[in-house]
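Q: I have a structure I would like to understand better, so I am pasting it below and will then ask my questions one at a time.
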Amino acid sequence: MADAIPRKPRTFQAARRKGSTPAEDPAEPWELGSIIAELKESREVTHNIRHGRVARRLPSRAALAEIINGLSAALFPTHYGQPHLHDDSIDEFVRTTLRSALSELVEQIRLSLPLGWSDTTPAIQVTNRVARDIAHELALQLPAIRAMLAADLRAAYEGDPSAASMPEILLGYPGMVAIICYRLARALHLLGAPLIARLTTLVAHSRTGIDIHPGAEIGPSFFIDHGTGVVIGETAIIGKGVRLCQAVTLGANRSQLGGRGLAIKGIARHPILEDDVLIHAGATLLGRITIGRGSTIGGNVWLTTSVPPGSNVSQPLLRGLAASGPRGGAENAKKDVFTGRR
């Protein structure tokens, strides 16, 4: 049985001596006074994790979710906006939606900026100006982001034989929802709002189970099939026309740790996928390895080494082959890890 969380001993008899049992004090049945005092001491003294050690208003995940809804509706009005829109009313809907979403985005960026700066509080005028500049630049990039998303959408339509139409993909594919959030988050990350970018991808994670770090670099025509459980790390680089199936991990290798087993920040530690790579369900790729152009990685493969272009990497074939015996089977398995290489 796991150890309980340490706490100060508190017995029923001690409470009775103080005259503060639940039965005797119905106005304060949970001894909240002492609990609140101890939580305050933890927040402000013992375990103070606040930036600059002071309380401050933080960005809101709920507000970011609404902002993403608005930006998605501006990008695809009849799909994520209002279904009764027609050609004459779409532009005005987009104008109204963007005004609201961008104004709220400025506020969320403003709240996030001091968390990435030094402990000294910058002037409010500075944060307001920088936040507005970032939101304005994001707005200017929306046409280019939509063009990139259109390429992703076409890749999904052409790569999935079950896709009957592009509206079906926009409305019903979790991978497309995650990619929309990622493209917006990536722009915010590059513009200097990393926390807002990370919270934006958290929106996708909560809705789809797909976790893409906004620091990852992903090329056009990207398709995530099914998608649940996909993880793409901060320094991953993904080329053009790459397709990932569900439960794929592009992660860091634990061997890339510094002294005392602590993570080394700021180093390239995730895989590089060149153009037209296909990775099947459940594959795990770890470390700064390169998957050559046009390669296919089979389901449930665990890979920590680079492979050349055109590789077809599968699990060891016929593992445990009875006719080969235990030792022979292991030797054959090692030979068959890379199969069908051109």
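Q: Being surrounded by fewer than 19 Cβ atoms within 10 Å (Cβ to Cβ) and part of a loop (DSSP other than H, G, I, E, B) is the filter; apply it to region 261-273 and report the residue that is modelled with the lowest pLDDT.
A: Only one residue tops the list, namely Leu262.
Q: Still on this structure, please answer the following. Is it the case that some residue within region 25-32 is at pLDDT 80 or above and in contact with a Leu (Cβ under 9 Å, 6 or more places away or on another chain)? Can you show your working first?
A: Just the residues of region 25-32 that are at pLDDT 80 or above, to begin with: 30, 32.
Cutting the leftovers down to in contact with a Leu (Cβ under 9 Å, 6 or more places away or on another chain) gives us none.
Looking for residues that are at pLDDT 80 or above and in contact with a Leu (Cβ under 9 Å, 6 or more places away or on another chain), one finds none in region 25-32, hence no.
Q: Could you check how many residues of region 77-105 are at pLDDT 95 or above and surrounded by 19 or more Cβ atoms within 10 Å (Cβ to Cβ)?
A: The number of residues fulfilling the criteria is 4.
A quick yes/no check of all residues on (1) part of a helix (DSSP H, G or I); (2) under 17 Å from Gly159 (Cβ atoms); (3) of a type in the set (D, E, K, R):
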| residue | (1), (2), (3) |
| --- | --- |
| Ile169 | yes, yes, no |
| Ala178 | yes, yes, no |
| Cys181 | yes, no, no |
| Arg186 | yes, no, yes |
| His189 | yes, no, no |
| Ala197 | yes, no, no |
| Leu202 | yes, no, no |
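Q: Looking at Gln125, Gln141, which one is assigned to a helix (DSSP H, G or I) and modelled with pLDDT under 95? Walk me through how you get there before you give the answer.
A: On the way: Gln141 fails: modelled with pLDDT under 95.
So the residue among Gln125, Gln141 that is assigned to a helix (DSSP H, G or I) and modelled with pLDDT under 95 is Gln125.
Q: For region 210-228, which positions are more than 19 Å from Leu170 (Cβ to Cβ) and either outside any loop (DSSP other than H, G, I, E, B) or without any contact (Cβ under 8 Å) to a residue 40 or more places away in the chain (or both)? First the steps, then the outcome.
A: At the first step, the residues of region 210-228 found to be more than 19 Å from Leu170 (Cβ to Cβ) are 211, 213-217, 219.
Those that are more than 19 Å from Leu170 (Cβ to Cβ) and either outside any loop (DSSP other than H, G, I, E, B) or without any contact (Cβ under 8 Å) to a residue 40 or more places away in the chain (or both): Asp211, His213, Pro214, Gly215, Glu217.
Q: Would you mind stating whether His205 is touching a Cys at 6+ places or on another chain (Cβ under 9 Å), farther than 24 Å from Glu107 by Cα and surrounded by fewer than 20 Cβ atoms within 10 Å (Cβ to Cβ)? First the steps, then the outcome.
A: Numbers: touching a Cys at 6+ places or on another chain (Cβ under 9 Å): yes; farther than 24 Å from Glu107 by Cα: no; surrounded by fewer than 20 Cβ atoms within 10 Å (Cβ to Cβ): yes.
So His205 does not fit the description; no.
Q: Continuing with this model, one more query. Evaluate the following for Leu115: is it touching a His at 6+ places or on another chain (Cβ under 6 Å), in the same structural domain as Ala63 (by TED's automatic domain parsing) and either farther than 23 Å from Asp276 by Cβ or not in a helix (DSSP H, G or I) (or both)? Please lay out each step first, then the result.
A: Numbers: touching a His at 6+ places or on another chain (Cβ under 6 Å): yes; in the same structural domain as Ala63 (by TED's automatic domain parsing): yes; either farther than 23 Å from Asp276 by Cβ or not in a helix (DSSP H, G or I) (or both): yes.
Criteria met by Leu115.
Q: Of all residues in region 106-117, count the ones that are closer than 19 Å to Ile68 by Cα and either small (Gly, Ala, Ser) or exposed (fewer than 13 other Cβ atoms within 10 Å of the Cβ) (or both).
A: Qualifying residue count for the region: 1.
Q: Assess whether Ser221 counts as being more than 13 Å from the chain's Cα centre (by Cα), modelled with pLDDT of 95 or more and of a type in the set (Ser, Thr, Tyr). So that I can check it myself, show each step before the final result.
A: Working: more than 13 Å from the chain's Cα centre (by Cα): yes; modelled with pLDDT of 95 or more: yes; of a type in the set (Ser, Thr, Tyr): yes.
So Ser221 passes the test.
Q: Could you give every pair whose Cβ atoms fall below 7 Å, whose first residue belongs to region 262-287 and is farther than 21 Å from Val313 by Cβ, and whose second residue is modelled with pLDDT under 95 and in a strand (DSSP E or B), counting only separations of at least 6 or pairs across chains?
A: Ala263/Leu257; Ile264/Leu257
Q: Please go through region 293-316 and give me each residue that is surrounded by fewer than 17 Cβ atoms within 10 Å (Cβ to Cβ), touching a Ser or Thr at 6+ places or on another chain (Cβ under 6 Å) and more than 20 Å from Val230 (Cβ to Cβ), ordered by number.
A: Across region 293-316, the qualifying residues are Ser306, Asn312.
The values are calculated or read from the model by the stated rules, or taken from the named source; none is laboratory data. Because the structure is predicted, anything quoted here is derived from the model rather than measured. FYI the Cβ positions are ideal-geometry reconstructions off the backbone, even for glycines, and counts take in every protein chain you see.
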